[in-house]
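Engineer: Can you keep this structure in mind? I'll have questions shortly.
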Amino acid sequence: MIPIHTRNFGDIEIASEKILNFSHGLPGFPDLKRFTLIADPADLAEESAVFYWLQSLDNADVAFCIVDLMRFMPDYNPLVDAAEIAVLGGNHEDYLIYNIIVVHDDAKDICVNMKAPIIINPETREGMQIICQNEDYAIRHRLFK
């Protein structure tokens, strides 16, 4: 287990196999390369979690709230360039897809970024954020009506 310090969760330990590598960083955060997924403490079990935190291991103050959008919108299908995501390796059908959300006090104001999903290969633990080609996907889409 590896001890890490986070702003939101304090000092925690993660298994080394939970470290994700974003070799190009994230847009706006090019120097942050190592992350981990932390299930939201409001969820009772990690395997049933809806919301996660993409926690930077390079900067304790950086964590993004993310969601598996397909649990809310089964038709969500981001179109991405296969060559662009090939750097993740493995079979793209096994990739995990998450979307960054902006949390507000009022649940009806929670927005999700449908245009730029986070894609992770769980086998290689490589990840990236990519702009999808879907014209109708918004950067700020209300999650709840």
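Engineer: For the residue pair ALA82 and LYS108, what label-to-label distance in nm results when each label sits 7 Å from Cα along the Cα-to-beta-carbon direction?
Structural biologist: According to this spin-label approximation, the distance is 4.4 nm.
Engineer: In the chain, once you exclude exposed GluC sites (Glu not before Pro) (DSSP loop, at most 14 other Cβ within 10 angstrom), what's the longest stretch remaining?
Structural biologist: 1-122
Engineer: Calculate how large, on average over all directions, the projected area of the Cα convex hull of the chain is; give the answer in nm² to one decimal.
Structural biologist: If I average the Cα hull's projected area over directions, I get 8.9 nm².
Engineer: If r is the Cβ-Cβ distance from ASP11 to ASP94 and R0 is 30 Å, what FRET efficiency results, to the nearest 0.05?
Structural biologist: 0.40
Engineer: Just need the relative contact order of the chain here, percent rounded to a whole number, with Cα pairs under 8 Å and 6+ apart.
Structural biologist: Relative CO of the chain lands at 19 percent.
Engineer: Right, another one. Quick one: length gained pulling ALA39 to MET73 fully straight, 0.36 nm per residue minus the C-alpha distance?
Structural biologist: 10.2 nm
Engineer: Can you pull the percent of the stretch 70-136's accessible area that's carbon plus sulfur, 1.4 Å probe, other chains left in place?
Structural biologist: Carbon and sulfur together cover 50 percent of it.
Engineer: Nothing charged except the Cβ atoms of Lys and Arg (+1) and of Asp and Glu (-1): what's the magnitude of the dipole of the chain about its Cα centre? Round to the nearest 20 debye. Could the numbers behind the result be given before it?
Structural biologist: Numbers: 11 positive and 23 negative charges, 64 e Å.
Magnitude of the dipole: close to 300 debye.
Engineer: Would you kindly compute the Cα radius of gyration of the stretch 73-138 and its largest Cα-Cα separation (Dmax), both in Å?
Structural biologist: Spelled out, the Cα radius of gyration and Dmax of the stretch 73-138 are 13.0, 39 Å.
Engineer: Label-point separation (nm) for ASP61 and GLU135, each offset 7 Å from Cα along Cα-to-Cβ?
Structural biologist: Each label point is offset 7 Å from its Cα along the Cβ direction, giving 4.1 nm.
The values are calculated or read from the model by the stated rules, or taken from the named source; none is laboratory data. As the structure is a computational prediction, the values presented were derived from the model and not from experiment. Cβ coordinates were reconstructed from backbone atoms using ideal geometry, including for glycine residues, and neighbour counts include every protein chain displayed. For the accessible areas, the whole protein counts, side chains as well, though only heavy atoms, and no ligand, DNA or RNA atoms are used. Shrake-Rupley method; radii C 1.70, N 1.55, O 1.52, S 1.80 Å.
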